[in-house]
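These notes are about the structure you will find just below.
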Amino acid sequence: MRTRKLQIGCPVCGSHEVFYSCTPNCCFNHVCADCGATFEPVTLAKGGTLMGVVPPEPLPEAADPTAACAKCDSISVYVTDDGSLVCGKCGALLLLELTEVHPG
């Protein structure tokens, strides 16, 4: 199953000009380039798995939005054609929740 990069809209202004500003071994702080809001995405297991997940081309860059898989902690979380989130490592279907929201 082909996938595309994770895109996360800012929970304050809705902009998709969002970038990841930390490292996975620290936190998942993201910043909105338009309004300056910060937030952290968290995944939850939706139930079910997909087999044959194909990572997007090109792969996400270091500053692209990311989140850790609720099942295996991999940051290879991608979007399927139907808009679902899937882990590229373990195939878990995921839900996305935005936490630690702070307006800019």
### Query
Under a point-charge model restricted to the Cβ atoms of Lys and Arg (+1) and Asp and Glu (-1), what is the dipole moment magnitude of the chain relative to its Cα centre, in debye to the nearest 20?
340
### Paramagnetic label zone (point 7 Å from Cα along Cα-to-C-beta, SER21; backbone N under 12 Å) in region 60-104
102-104
### Task
Please arrange GLU97, GLU61 by accessible surface area, largest first, computed with a 1.4 Å probe and ligands excluded.
GLU61, GLU97
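Multiply the residue gap between ASP64 and CYS35 by 0.36 nm, knock off their C-alpha separation, and tell me the result in nm, one decimal place.
Answer, rounded to one decimal: 8.7 nm.
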### Given charges at Cβ of Lys, Arg, Asp, Glu: the chain dipole, positive-most of HIS30, PRO65, THR3
THR3
### Query
For CYS10, what is the net charge nearby, where nearby means another residue's Cβ is under 14 Å from its Cβ and Lys, Arg count +1, Asp, Glu -1?
-4
### Message
How large a share of the accessible area of the chain, in percent, is made up of carbon and sulfur atoms when the probe is 1.4 Å and the other protein chains stay in place?
### Response
52
### Message
Rounded to whole Å, give me the distance from the Cα center of region 30-104 to that of region 6-29.
### Response
10
### Summary
DSSP beta bridges in the chain: the antiparallel percent, rounded to 5, is 95
### Query
What's the local net charge at VAL42, with K and R +1, D and E -1, over the other residues with C-beta under 11 Å away?
-3
### Summary
Result for the chain: accessible area per residue, probe 1.4 angstrom, in square angstrom, of 55
### Task
Report the local net charge at LYS71: Lys and Arg +1, Asp and Glu -1, summed over other residues whose C-beta lies under 12 Å from its C-beta.
+1
### Query
Under a GNM of the chain (C-alpha, springs under 10 Å), which listed residue has the highest mean-square fluctuation: THR66, THR23, THR38?
THR23
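The values are calculated or read from the model by the stated rules, or taken from the named source; none is laboratory data. These numbers were taken from a predicted model, which means no experiment stands behind them. Glycine gets a Cβ as well: all are built from the backbone with ideal geometry, and neighbour counts include every protein chain shown. These area figures cover heavy atoms from the full protein model, side chains too; ligands, DNA and RNA do not enter into them. Shrake-Rupley method; radii C 1.70, N 1.55, O 1.52, S 1.80 Å.
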